[in-house]
Amino acid sequence: MSNMYVAAEKAAIEQKKFLYQVYSWMGLAILLTAVASYFTSQNQFVMNLVFATSGGFPVGLIVLIVAEVGLVWYLSSRVFDLSFETGSALFALYAFLNGVTLSSIFLVYSLGSIASTFFVCSAMFFSVSLWGYATKSDLSKWGNILFMGVIGIVLASLVNLFLRSTLMGYIISIVGVLVFTGLTAYDTWKLKQAQEQMSGDAVALRKLGLLGALQLYLDFINLFLMLLRLFGGRRD
């Protein structure tokens, strides 16, 4: 009985250490994104380079988005085949490029509004994420539902690029908050299940932590953007 108790205590300590590492890497990525975003917004040359249109299309922005999608796909599918250092570098590169892409929010929303939304988002995110980690419920059924929700948001957003409907944009943002809040809980729960399966393999756990940080980073950024669209105060 004593040995079982010691083993359980050891497993709990390993889980807390793992979760701390995931949040640390995620936090550093968010910080890098925020710094890159703010300083890009203050550099007119870079802003013109990224957002200037050619033939009616923002070529620089399109190139950045394609590069980001490629990085996320490559890192998500190959993280266990890469060295931890290479994976970390790719994650940092993605976070930086994403910051450049998101720099336009500083031109649309007031700085105070961005800051307040960020703190609200952080409180929501960590509350839901910790619940997802601590819950004894089986969240496996959430996966397909939330994935379809993401697909729906992407398709509706593409349609609204042409419709430019304020009401539709508002509905998309509300649904987005619900979907990415759910994804935060689900991804954290799924990460815990994977950590338990890989317990004892330090190398694999470091890479799993990096993948988990990327997934939670994406959840956080999307949740933040949806909240900003709903409650963000626009610049005068």
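The values are calculated or read from the model by the stated rules, or taken from the named source; none is laboratory data. Please read all numbers here as calculations on a predicted model, not as lab measurements. Methodologically, a virtual Cβ is constructed for each residue, glycine included, from the backbone with ideal geometry; neighbour enumeration extends over all protein chains shown.
Annotation: Ile172 fulfils all but one of (1) modelled with pLDDT of 95 or more; (2) surrounded by fewer than 18 Cβ atoms within 10 Å (Cβ to Cβ); (3) over 17 Å from the mean Cα position of the chain (by Cα); the unmet one is (2).
Taking interchain pairs and intrachain pairs at least six residues apart, which have beta carbon atoms under 7 angstrom, with the first residue in the stretch 174-187 and touching a residue at least 12 places away in the same chain (Cβ under 8 Å) and of a type in the set (Asp, Glu) and the second part of a helix (DSSP H, G or I) and crowded, with 23+ Cβ neighbours inside 10 Å? Filtered contacts from the stretch 174-187: Asp187/Leu216; Asp187/Asp219.
Yes/no matrix, rows are residues, columns are (1) at pLDDT 95 or above; (2) closer than 26 Å to Gly60 by Cα; (3) surrounded by fewer than 18 Cβ atoms within 10 Å (Cβ to Cβ); (4) aliphatic (A, V, I, L, M):
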{"site": "Asn3", "(1), (2), (3), (4)": "no, no, yes, no"}
{"site": "Ala8", "(1), (2), (3), (4)": "no, no, yes, yes"}
{"site": "Ile13", "(1), (2), (3), (4)": "no, no, yes, yes"}
{"site": "Leu19", "(1), (2), (3), (4)": "no, no, no, yes"}
{"site": "Met26", "(1), (2), (3), (4)": "yes, no, no, yes"}
{"site": "Thr33", "(1), (2), (3), (4)": "yes, yes, no, no"}
{"site": "Ala36", "(1), (2), (3), (4)": "yes, yes, no, yes"}
{"site": "Val46", "(1), (2), (3), (4)": "no, yes, yes, yes"}
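Checking each residue in the stretch 52-95 for being part of a helix (DSSP H, G or I), closer than 19 Å to Leu208 by Cα and not hydrophobic (A, V, I, L, M, F, W, C) picks out Tyr74, Ser76, Ser77, Arg78, Glu85, Thr86, Gly87, Ser88, Tyr94.
Counting only residues that are more than 23 Å from Lys16 (Cβ to Cβ) and surrounded by 13 or more Cβ atoms within 10 Å (Cβ to Cβ), the stretch 134-149 holds 5 of them. Here's a check for you: in the stretch 153-173, which residue that is in contact (Cβ under 8 Å) with a residue 24 or more places away in the chain and small (Gly, Ala, Ser) is nearest to Val128 (Cα to Cα)? Per the criteria, the residue is Ser173.
Which residues, counting only those in the stretch 189-204, are polar (S, T, N, Q) and in a loop (DSSP other than H, G, I, E, B)?
At the first step, the residues of the stretch 189-204 found to be polar (S, T, N, Q) are 193, 195, 197, 199.
Selection gives Ser199 alone.
Looking only at the stretch 102-117, residues that are assigned to a helix (DSSP H, G or I), of a type in the set (Ser, Thr, Tyr) and surrounded by fewer than 19 Cβ atoms within 10 Å (Cβ to Cβ) come to 3 in all. Here is the figure for the stretch 118-147: residues that are of a type in the set (S, T, N, Q) and at pLDDT 95 or above total 3.
Restricting the stretch 72-98 to residues that are among the polar types (S, T, N, Q) and in contact with a Leu (Cβ under 8 Å, 6 or more places away or on another chain), the residue that is nearest to Leu230 (Cα to Cα) is Ser76.
The set of residues from the stretch 33-67 being β-branched (Val, Ile, Thr) and within 20 Å of Ile114 (Cβ to Cβ) comprises Thr33, Val35, Thr40, Val46, Val50.
The condition (being in contact with an Asp or Glu (Cβ under 9 Å, 6 or more places away or on another chain) and closer than 21 Å to Leu227 by Cβ) is satisfied by just one residue among Thr33, Thr101: Thr101. Do we have any residue at all in the stretch 50-68 that's out of contact with any strand residue (DSSP E or B) (no Cβ under 6 Å at 6 or more places or on another chain), in contact (Cβ under 8 Å) with a residue 60 or more places away in the chain and aliphatic (A, V, I, L, M)? No, the stretch 50-68 has no match at all.
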